[in-house]
Structures are given as structure tokens and as C-alpha cells.
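*Asks:* Have a look at the structure that comes next, please.
The values are calculated or read from the model by the stated rules, or taken from the named source; none is laboratory data. The shown structure was predicted, so the numbers you read here are calculated from the model rather than taken from an experiment. When we count neighbours, we look across all protein chains shown, and the Cβ atoms used for this are built from the backbone with ideal geometry, even at glycine.
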Amino acid sequence: MRFELSKEEWKKNYKKQISFLKKLQKKKGTLRFERGSVIASDIGRQLYCEKKVEMAYLYGSTETENMVFGSEGHQKLTENYIKVDLEEAWKEIYTTESCWVSELLLIANYKNLFLAGKPDTIFFANGTPVMIFEFKFSKYSSSFPSHHIQAETYGIILNELGFDTSSLFYAIVILPFNMVSEIEKLKALTREIMLNFWTEKLYEKESSTLVFGEVNVFIQKFNIREGKEKLDKTFGFWKREREALPVDNQNKCLSCEFQKKCPFYKKISKDFQ
């Protein structure tokens, strides 16, 4: 079943994305590290530790065990997905009754800077985003503020692109590392979550939690006002208006790969001795 929507509607938004992409590719960025855009995943990392984001850009990221598991897990999630080009993806979003899109590059102009990111998966219904999915492979069973602001940034991008986000939710899916090899379970997760979302009327709640064995799912109603308030506070760093702020929980420093290079860690390292 298809619903009526003019060709010009999806074409307009597709062309807008191409235009933004070309602008980013052509000119040198004016943001910190000469970036042309702020990436949603970096926003999430900022809330974990802004100093660590700076160190990663200055010295390059060291691939940790967590990163290896996370990368492998995301690869498994999309292993047998049908690959389509950007134009076809936008056409599907706007011209099908329901549509699942994974790793779609989204770019929006927000407060005179570009926001960009690739959500793990978005479920659309009749051209409207219903649920953003973010999968996190972790030794922990709970979600963290860094996870939420990343998903909220995707919601803000969608809103800036003209989508109706008044009924948008996002799901932070926390998975144990051992699930990386359980491909069939991973593939069934998004649909199982949406089935529960509809049958249990979770859309009537601001937030809810689902548990599937070792998997914990934190579903949250997208609040654009709160999301923007949190997002706007991160921009000072990217606009070079202030220096990177160190982590608020110094215990995070104990597992950081930048201990030897981080000036903040050198100052506080005596506290751990």
C-alpha cells in the first residue's frame, strides 16, 4: 500500500541532502579541528568526556575492546540488509506505508552550523519517523546520558529537515558483548521492540523499559525542547568559544586510552595512587 505524496516532496528533501553534502565536501570547515559539521556520535562522546573527544581528534583513536565488539555487532545487524542509494532511500521513506532505514546519512543546518549523523535504524510510517534505534554493546545493563543525547540529536536533525517529530520516540538498546555472534536474535530485535511498542501501547507513556533476556531496551519520547537545551551547550567547544571540559567522573580516567597524553589525567593521577 502506498499513500499519496507528490514526487516533488521527496525529491526536494533528497536534493537538500545532496546540496548540504556538496557544501561540506567543497569548503574547509571553520569549526574546531577544521570540521565542517558536528557529528551526532561526537556529541554523545562529549557527554562522556569532552577532553577524550579532543584527544581522539589530536592523536587518533585507539581501538579498544569495546569498540571492536561494537563495530562487529553493528556490522552483524546490517549484514543482510538491502543496500540502496541515497535517492532510493528518500523515495522509500516518503512513498511507502512503512519503511526501515539503517545508517542513512542525515545532514541539517541548525543554528548556522551543520549537524550530521547516521542513526543505526529509523522506522518510518507514512513518511513520518516513529522510532529511532540506537544499539549499544556494553558490559553495563543501563543507558547513559551520552546515549540519549546522541539519539536526541538525530531527532533534532529530522525536525530541522521538516519531518513531524511530535510523536517521535527513540530506543536505546543495550546488548551484552556475547550477543555479537547471535545474528538471528539481533535481526529480530527491532521488529520485536516495535511489536511491543504497539501492543503494549507504550506510545502512551513518556518512557518505558523492555527486557528481552540479556537485552535491555530504554524507550523515550523525544522532547525537542530538552534535546535542544542539551545540544546547544555542546557547541561552545566546536565553535572554539571554550576549551574542552574534563570528565566530571574521574573514575572514567582509569580506563581511558589517552592517560599518557591527557594533561587533565596528569594533574589528577596522584589521586589514584
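*Asks:* Which of the residues belonging to the range 139-154 are among the hydroxyl-bearing types (Ser, Thr, Tyr) and surrounded by fewer than 18 Cβ atoms within 10 Å (Cβ to Cβ)?
*Replies:* Within the range 139-154, 140, 141, 142, 146 qualify.
*Asks:* On to the next question. If you go through the range 30-52 one residue at a time, how many are closer than 22 Å to residue 250 by Cβ and over 10 Å from the mean Cα position of the chain (by Cα)?
*Replies:* 8
*Asks:* Tell me the residue from 53, 38 that is part of a strand (DSSP E or B) and surrounded by 14 or more Cβ atoms within 10 Å (Cβ to Cβ), please.
*Replies:* 38
*Asks:* List the pairs whose first member sits in the range 160-183 and is more than 18 Å from residue 198 (Cβ to Cβ), whose second member is among the charged types (D, E, K, R), and whose Cβ atoms are under 6 Å apart, counting only residues at least 6 apart or on separate chains?
*Replies:* 172/134; 174/136; 176/214; 180/72; 183/76
*Asks:* When you go through 17, 46, 75 one by one, which is the residue that is in a helix (DSSP H, G or I) and modelled with pLDDT under 85?
*Replies:* 75
*Asks:* Examine the range 226-238 for a residue that is within 22 Å of residue 131 (Cα to Cα), in contact with a strand residue (DSSP E or B) (Cβ under 9 Å, 6 or more places away or on another chain), of a type outside the set (Phe, Trp, Tyr) and modelled with pLDDT of 95 or more, and state whether such a residue exists.
*Replies:* Checked the range 226-238: at least one residue is within 22 Å of residue 131 (Cα to Cα), in contact with a strand residue (DSSP E or B) (Cβ under 9 Å, 6 or more places away or on another chain), of a type outside the set (Phe, Trp, Tyr) and modelled with pLDDT of 95 or more.
*Asks:* Of the conditions (1) of a type outside the set (Ser, Thr, Tyr); (2) farther than 29 Å from residue 17 by Cα; (3) under 15 Å from the mean Cα position of the chain (by Cα); (4) part of a helix (DSSP H, G or I), residue 178 clears all except one; give me its number.
*Replies:* Failing condition for residue 178: (3).
*Asks:* Next question. Can you name the number of the only condition in (1) in a helix (DSSP H, G or I); (2) under 30 Å from residue 109 (Cβ atoms) that residue 240 fails?
*Replies:* So residue 240 meets the others, but not (1).
*Asks:* Pick from 158, 104, 115, 175: which is of a type outside the set (Phe, Trp, Tyr), under 24 Å from residue 234 (Cα atoms) and at pLDDT below 95?
*Replies:* Selected residue: 104, the only one of 158, 104, 115, 175 that is of a type outside the set (Phe, Trp, Tyr), under 24 Å from residue 234 (Cα atoms) and at pLDDT below 95.
*Asks:* May I pose another question? Name the strands (runs of 3 or more DSSP E) wholly within the range 79-131 that hold at least 3 residues that are among the aliphatic types (A, V, I, L, M) and either touching a Gly at 6+ places or on another chain (Cβ under 6 Å) or surrounded by 14 or more Cβ atoms within 10 Å (Cβ to Cβ) (or both)?
*Replies:* The qualifying strands (runs of 3 or more DSSP E) are 106-110, 113-117.
*Asks:* In the range 219-273, which residue that is polar (S, T, N, Q) and farther than 30 Å from residue 154 by Cα is farthest from the chain's Cα centre (by Cα)?
*Replies:* 273
*Asks:* Restricting to the range 185-218, name every residue that is over 14 Å from residue 131 (Cα atoms), part of a strand (DSSP E or B) and either more than 20 Å from the chain's Cα centre (by Cα) or not hydroxyl-bearing (Ser, Thr, Tyr) (or both).
*Replies:* Hits for the range 185-218 are 210, 211, 212, 215, 216.
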